[in-house]
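Asks: Could you have a look at this structure, given as structure tokens, before my questions?
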Amino acid sequence: MKKIIGLFLFLSVLSLAAGYAQTAGLAPQSAGSAKPADYLAFSDGLDGQEAASPLYAEEAPEDGAEETERGEDGALEVYEIAAAEEEPPGLTLEEVHAVRFEDVPAGDPRAVFIGYAVCRSYLEGVEEGRFDPDGYVTRASLAAVLHRMSGAADSNTAIAFLDMDSGAWYADAVSWAVENGVVTGTADGAFEPQKPVTREQLAVFLYRFAAEGGGQAASETLAAYRDGGEILAYAREPMAWVLENGIFAGMVGDAIHRSLPVSRGQLAQVLTAFDAYAGTEPVAEVLAEQLQEAAIESVSLAKHEDIQSKVDAVAAKYGAVGLQVAVVESGRVTDAYAYGWATKGSDRMTPNHKTRIASITKVGVGLAAMALYEDGVADLDQSIGAYWGVSAKNPYYPDDPVTIRTLLTHTSSLAALGDDASQSRGAVQSRLQSGGYAKTRPGATSSWRYNNYAFGVLGQTLEIAAGAYLDEVMEEHFWKIMEIDAAFESGNVKNHDLLCTVYQYGGVGRSLSAMKSNTRRYHPPGATGAYFAGGMTMSAIDLGKMTALLANDGRYEGLQLLKADTVEMMEVRCEPQLPDGTYQALALRSQDDLYGRDVLYYHTGSAYGVFNCMSYDPETGDGVVVLTSGASGAKDDRGIYAVCGEISQYIYDAIAQ
């Protein structure tokens, strides 16, 4: 409004000046001087007519039109109206929606934000029409993005990082970022350009880029998040700033997950929200309205006291010494419960204590298999003999290969040997060559037989294929990103202080010292299969995260760790139904009409006194994990340990309302 008023006054003054020039006999402006078209034409003020302002003119002359004015000698002079300067047209929603990439379907909720970031030249595709929305943003690429957002100004700062080449594609961007205080290196003088950016680091970089500072009530803001207290001191104010201003909307829910990497799709969302906050682009403000806080309304939290009372009652009913529960809602761990003791008399149970999950380990092995399958390291349908260097054929069905898929579905036809059978690499290799098979067809559902020994062979096969321990495979693909502290051998978890004693029949099934000392003693990878049928050790919350990954089609906190198609493959049920009314899938079991849900996928586990169950509903993304110690192993009418089933039933009913 101030600009409009000022322009009106300016034009009025010009009008008066023009009239004065005519009466004073001043020379008219020539075509080579400032043109009358720059401020349009006015009355000469001599004919008694009111001077007209262009703001109120009914019709202004078009650019390039001819205009006349009477010169000093009375003759008419003809000149051309100069084109007025126009602001460049703003970005439109149509342009944003027109951006297309092969790997970003139109229905993907990230598509419009990716389109915006591309239109603004903040981000670009990778190759062959792909954007790679699930690829991680590196420190180097983030510096390049912020450099582009700044206008790509030159830098006079020489790079001084030990791990950077001055000729690197990102060198100018990093130099600019250092000069402007946006980024700094590590304590040892490195920049770590290829390291993924974490949520915490992204908040700091944006905060410095925006030159914000002070005024953030960090403690109060962060206290509203379950893990707000974990934000490092240097990042508390920046994190509070991005959260308060909605810049992380759509990425952060009720927990911040400061160490999670940021995907390219998530960065596009964040940059859109950043521009909306800055008010630099109207389209960004429109798009940012579509970003919703990722937090879901947890029914479990709302009913926490009632559910805790039920957990306590069921645990006491079945004589549990200790018990822990995790709840998954819409693909996220939202709540957790605990009862009793981790170690009697000295350590109260929490949902973070680590216990043996027994046969649920097989789900972990299945996830490792699928990760290696996606990497092209493991072939689900090739004979495992290719990895072992032997023929590995069932002599009764030599044309039907024993494969990773058949091992995952308990249809491999390998003999179901007992726990006393050696699972050393040499012993297994010998059996694969001869004598280690049942008279059943590999891959046929009719050949199904639950087989712990075969899962040991599966774990060894995967380690041989990967040339790495399965703990390392899980750490690389899942555990590190998901902040899970787990291991196939209990003594290899990072935090020994959270290990549990396992109780059985009123006594000790597995002592705390045994849990701590149970570490891998065999080399190289594939040397033994002893841990892969039931050795995995983790907490209910961490198992809840793995359950949430499956329930959410391979996505964890917005990061696609496993392709949705791969999870769907895991959930394909072998036909026909097994005699006990259940279905076998890849490392998972399944039943219809279970605990009030149309279909549930699940797995149970028992060993040394633990009776456990994890389950999830693929349609709603809900799930329940129950880990027990010292409880009764009685089963319900669906073949699931009753202590787990009653709690699962109650929670599924509660969160469905």
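The values are calculated or read from the model by the stated rules, or taken from the named source; none is laboratory data. Owing to the predicted nature of the structure, the values given are computational and were not obtained by experimental measurement. Using ideal geometry, Cβ is built from the backbone for each residue, glycine included, and neighbour counts are taken over all protein chains shown. Only protein heavy atoms, including side chains, enter the accessible area calculation; ligands, DNA and RNA are left aside. Shrake-Rupley method; radii C 1.70, N 1.55, O 1.52, S 1.80 Å.
Asks: Hey, in the chain, which Cys have no second cysteine's beta-carbon closer than 4.7 Å?
Replies: Cys119, Cys500, Cys574
Asks: Which value, in Å², gives the accessible area per residue of region 617-657 when a 1.4 Å probe is used on the protein heavy atoms?
Replies: Per-residue accessible area for region 617-657 comes out at 35 Å².
Asks: Given R₀ = 30 Å, FRET efficiency for Leu232-Trp169 by Cβ-Cβ distance, to 0.05?
Replies: So the FRET efficiency works out to roughly 0.50.
Asks: Let me ask something else about it. With Rg and the Kirkwood Rh both taken from Cα atoms, where does Rg over Rh land for region 290-421? Can you show the working numbers first?
Replies: On the way: Rg = 22.0 Å, Rh = 19.2 Å.
A ratio of 1.14.
Asks: Checking the table Lys480/Lys516; Lys362/Lys439; Lys303/Lys635; Lys439/Lys563; Lys393/Lys494 against a 30 Å threshold on Cα-Cα, which pairs fail? Walk me through the numbers before you get to the answer.
Replies: On the way: Lys480/Lys516 21 Å; Lys362/Lys439 24 Å; Lys303/Lys635 27 Å; Lys439/Lys563 36 Å; Lys393/Lys494 40 Å.
Over 30 Å apart, Cα to Cα: Lys439/Lys563; Lys393/Lys494.
Asks: Would you please report the Å³ per residue occupied by the convex hull of the alpha carbon atoms in region 255-305?
Replies: So the per-residue hull volume is 113 Å³.
Asks: Give me the tail of P(r) for the chain as a percent: Cα-Cα pairs with distance above 49 Å.
Replies: 31
Asks: Work out, step by step, the length gained on full extension between Trp448 and Asp375: first 0.36 nm times the residue separation, then minus their alpha carbon distance; give nm to one decimal.
Replies: This chain segment gains 23.5 nm when fully extended.
Asks: Where in the chain are the DSSP H helices whose alpha-carbon span along the long axis reaches 18 Å or more and whose Kyte-Doolittle mean is at least 0.0?
Replies: 2-24, 264-278, 361-374, 452-466, 642-656
Asks: Give the relative contact order (percent, whole number) for region 339-464; include only Cα pairs under 8 Å separated by 6+ residues.
Replies: RCO, region 339-464: 25 percent.
Asks: Using modelled backbone amide H atoms (1.01 Å from N, in-plane), which distant-in-sequence or interchain residues come within less than 5 Å of Met251's amide H?
Replies: Residues meeting the amide H criterion: Ala294.
Asks: What per residue convex hull volume, in Å³, do the alpha-carbon atoms of region 169-308 yield? Before the final figure, lay out each step's value.
Replies: On the way: hull volume 20.2 nm³, N = 140.
Taking the convex hull of the Cα positions in region 169-308, it is 145 Å³ per residue.
Asks: What is the pair-distance distribution P(r) of region 421-472, computed from all Cα-Cα distances in 10 Å bins starting at 0, with each bin given as a whole percent?
Replies: The percentages, shortest bin first, are 21, 48, 28, 3.
Asks: Also, quick follow-up: For Arg130 and Asp636 in the same chain, what is the full-extension length gain: residue separation times 0.36 nm, less their Cα-Cα distance, in nm?
Replies: Residue separation times 0.36 nm, minus the Cα-Cα distance, leaves 177.2 nm.
Asks: If you build the convex hull over the alpha carbons only and average its shadow over all orientations, what do you get for region 554-657? Give it in nm² to one decimal.
Replies: Mean shadow area of the hull around the Cα atoms is 7.5 nm².
Asks: Please give the peptides 361-372, 377-388 ranked by average Cβ packing (other Cβ atoms within 10 Å per residue), highest first, as a rough proxy for protection.
Replies: 361-372, 377-388
Asks: Let me check something: with ligands and nucleic acids excluded, how do His257, His97, His523 order by accessible area (1.4 Å probe), largest to smallest?
Replies: Descending accessible area places them as His523, His97, His257.
Asks: OK, next. Let me check the size of region 578-622 from its C-alpha atoms; what are the radius of gyration and Dmax in Å?
Replies: Cα only, region 578-622: 11.4, 34 Å (Rg, Dmax).
Asks: Based only on Cα atoms, what mean projected area does the convex hull of region 443-537 have, in nm²?
Replies: For region 443-537, the mean projected area of the Cα convex hull comes to 8.1 nm².
Asks: Right, here's the next one. Rule-of-thumb check for region 305-383: C-alpha Rg over 2.2 N^0.38 Å?
Replies: Cα Rg divided by the expected 2.2 N^0.38 Å: 1.53.
Asks: Per 0.36 nm of contour for each residue apart, how much would the distance between Ala514 and Ile296 grow if the chain were fully extended, relative to their Cα-Cα spacing?
Replies: On the way: separation 218, 0.36 × 218 = 78.48 nm, distance 4.04 nm.
Full-extension gain reported as 74.4 nm.
Asks: Mind checking the per residue accessible area of region 394-547 for me, 1.4 Å probe, whole number of Å²?
Replies: 39
Asks: Also, quick follow-up: When the C-alpha atoms of region 379-487 are aligned to their principal axes, what extent does each axis show, in angstrom, from largest down?
Replies: Extents along the principal axes, in whole Å: 46, 28, 27.
Asks: Would you work out the Kirkwood radius for region 351-419? I mean one over the mean of 1/r across all pairs of different Cα atoms, in Å.
Replies: Averaging 1/r across every pair of different Cα atoms and inverting gives 13.8 Å.
Asks: Here is a follow-up. Let me check I have the definition right: for region 132-204, take the eigenvalues of the Cα gyration tensor, multiply each by 5, take square roots. What are those semi-axes in whole Å, largest first?
Replies: Square roots of five times the eigenvalues give 18, 15, 12 Å.
Asks: Between Lys195 and Tyr522, what is the spin-label point distance in nm, taking each point 7 Å from the Cα along the Cα→C-beta axis?
Replies: 3.6
Asks: How long, wide and thick is region 481-553, going by the Cα atoms along their three principal axes, in whole angstroms, largest first?
Replies: Reported extents, whole Å, longest axis first: 38, 36, 22.
Asks: OK, next. Could you tell me the accessible area of Asp553 in Å² (1.4 Å probe, neighbours in place), rounded to the nearest ten?
Replies: 70
Asks: Now for a different question. Using only the alpha carbons, work out the radius of gyration and Dmax of region 249-357 in angstrom.
Replies: Reported Rg and Dmax, both Å: 20.2, 63.
Asks: What does the charge add up to near Thr566, with Lys and Arg as +1, Asp and Glu as -1, over the other residues with Cβ less than 12 Å from its Cβ?
Replies: Charge balance near Thr566 sits at -4.
Asks: For region 201-359, with all protein chains present and a 1.4 Å probe, just round the carbon and sulfur fraction of the accessible area to a whole percent.
Replies: Details: 2880 of 6120 Å².
Result for region 201-359: 47 percent of the exposed heavy-atom area is carbon or sulfur.
Asks: Turning to a different aspect of this structure: Label points 7 Å out from Cα along the Cβ direction at Val599 and Ala98: separation in nm?
Replies: Between Val599 and Ala98, the simple spin-label model gives 4.1 nm.
Asks: Can you tell me the accessible area per residue over region 262-345, all protein chains present, probe 1.4 angstrom, in square angstrom?
Replies: On a per-residue basis, region 262-345 sits at 39 Å².
Asks: Taking the simple approach of a point 7 Å from Cα along Cα-to-Cβ for both Ser219 and Ala106, what is their distance in nm?
Replies: Reported label-point gap for Ser219 and Ala106 is 5.3 nm.
Asks: So, one more: Tell me, what is the FRET efficiency for Ala427 and Glu483 to the nearest 0.05, using R0 = 25 angstrom and their Cβ-Cβ distance as r?
Replies: Computed FRET efficiency for Ala427 and Glu483 comes out at 0.10.
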